[in-house]
1. Can Asp239 be described as crowded, with 18+ Cβ neighbours inside 10 Å and either hydroxyl-bearing (Ser, Thr, Tyr) or within 24 Å of Leu145 (Cβ to Cβ) (or both)?
2. Considering every residue within segment 234-242, establish whether at least one is in contact (Cβ under 8 Å) with a residue 40 or more places away in the chain and within 25 Å of Ile50 (Cα to Cα).
3. If Asp223 satisfies every condition in (1) more than 30 Å from Ala59 (Cα to Cα); (2) touching a helix residue (DSSP H, G or I) at 6+ places or on another chain (Cβ under 9 Å) but one, which is the exception?
4. I'd like to know if segment 279-286 contains one or more residues that are in a helix (DSSP H, G or I), surrounded by 13 or more Cβ atoms within 10 Å (Cβ to Cβ) and at pLDDT 80 or above.
5. Working only within segment 262-284, note down all residues that are among the aliphatic types (A, V, I, L, M) and under 17 Å from the mean Cα position of the chain (by Cα).
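The values are calculated or read from the model by the stated rules, or taken from the named source; none is laboratory data. Since the structure is predicted, the reported quantities are computational estimates derived from the model, not experimental observations. Every residue, glycine as well, gets a Cβ built from its backbone with ideal geometry; the counts of neighbours run over all protein chains shown.
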Amino acid sequence: MPAPDFAALAGGRAPSGPREELLCGLFAGVLGLERVGADDSFFALGGDSIMSMLVVARARRDGLALTPRQIFEHRTAAALARVAADLTADLDAPAVRADEPDEPDEPVGRVPLTPVMLELAARSGPAALAGRFCQSMLVRVPPGLRLDAVTGGVQALLDHHDMLRAPLDAPGSGSGSGGAPSLLVPGPGTVRADDRVRRVDVAGLDGRVLADVVAARSREAMDRLDARDGNLVQAVWFDAGPDAPGRLLLAVHHLAVDGVSWRVLVPDLAAACTALAAGRDPQPQPAGTSFRRWARELAARAGRACRGGARVGADPVGGRTALGVRPPGPGAATRSPRASTRRSGGSPRR
């Protein structure tokens, strides 16, 4: 079937006032449309829950506080302009105080595994929580990119996204503390991108030779991943020289990434590398609710409820492998290096 033409559905009433103009521009940018009317529904134009989070982050950067729930409830720029909280006090509507949590959101510390992580461990055993169980993205980068810009961009990503730094602490995995399996989030700056980024000279290579080099070095990068020692991210810059676009591979352990995470990680990495290449400091989007707070709240609500016959919070990691899953071999599930995403293993939702 042909892709839907959302542009044909856009273009209602023009925005009125700075708030509506800002929100219409954010809608259009996230949805990839030329323009969006003030009364056009975000979801009727192809928006989804992940895109709504991008709108929230970009709105906060530009001075408006929104929540994904508000976007689901109000849907249009006109309606959202009336309820958004004003962070700069210089737009055209009175400020509305956003709801704040009862206790501080501290992203650093012990994080319980979420129910989907526990189920993954119960089904697939320790192999799913350590080793080469990851997703990856291979993207083009501009000619003449510098190693310091790549490394600095990855460092900005590691410092801003807490779960990219979190090692697995699991009984029976060789790193466990003896309690229930969990993740330990250290502070920003504790994981150095210098240890996670490698450069491969591919100047003058093309065709099958280039493809073979990219495939081999990509497999090596994935083999270096190990959640138990916090090695959750590997980056490989395939440097094609000053006159040809290169490639950048980012491989992330599945405990820290899923299929929709790339919509956030790749733009953040691109923005950081671009800023550093131009001599500027990266300016990441303001962080929302931490994964630690969300996981702890989820665990508290789940309590001792059963999930698939196993108590939530039980220790499946140290038990036997339920499905007999073995780690993939070096050539397993290998796509062409030109493919945008390569996965090893399943795709659990968080």
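1. yes
2. Yes, segment 234-242 has at least one match.
3. Just one mismatch for Asp223, condition (2).
4. no
5. Val264, Leu265, Val266, Leu269, Ala270, Ala271, Ala272, listed by residue number.
The rows are residues; the columns are (1) farther than 20 Å from Pro188 by Cα; (2) assigned by TED's automatic domain parsing to the domain that holds Ser182; (3) out of contact with any helix residue (DSSP H, G or I) (no Cβ under 6 Å at 6 or more places or on another chain).
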{"position": "Pro242", "(1), (2), (3)": "yes, yes, yes"}
{"position": "Leu248", "(1), (2), (3)": "yes, yes, yes"}
{"position": "Val252", "(1), (2), (3)": "no, yes, yes"}
{"position": "Val266", "(1), (2), (3)": "no, yes, yes"}
{"position": "Ala270", "(1), (2), (3)": "no, yes, yes"}
{"position": "Leu276", "(1), (2), (3)": "no, yes, no"}
{"position": "Asp281", "(1), (2), (3)": "no, yes, yes"}
{"position": "Arg293", "(1), (2), (3)": "no, yes, yes"}
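So that you can scan it fast, the table gives a plain yes or no per residue for (1) within 30 Å of Val108 (Cβ to Cβ); (2) touching a strand residue (DSSP E or B) at 6+ places or on another chain (Cβ under 6 Å); (3) not small (Gly, Ala, Ser):
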residue	(1), (2), (3)
Arg198	yes, yes, yes
Val202	no, yes, yes
Leu210	no, no, yes
Arg224	yes, yes, yes
Arg228	yes, yes, yes
Asn231	yes, no, yes
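So that you can scan it fast, the table gives a plain yes or no per residue for (1) surrounded by fewer than 20 Cβ atoms within 10 Å (Cβ to Cβ); (2) modelled with pLDDT of 85 or more; (3) in the same structural domain as Glu20 (by TED's automatic domain parsing):
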{"position": "Ile50", "(1), (2), (3)": "yes, no, yes"}
{"position": "Thr67", "(1), (2), (3)": "yes, yes, yes"}
{"position": "Ile71", "(1), (2), (3)": "no, yes, yes"}
{"position": "His74", "(1), (2), (3)": "yes, yes, yes"}
{"position": "Ala93", "(1), (2), (3)": "yes, no, no"}
{"position": "Thr114", "(1), (2), (3)": "no, yes, no"}
{"position": "Pro126", "(1), (2), (3)": "no, no, no"}
{"position": "Ser136", "(1), (2), (3)": "no, yes, no"}
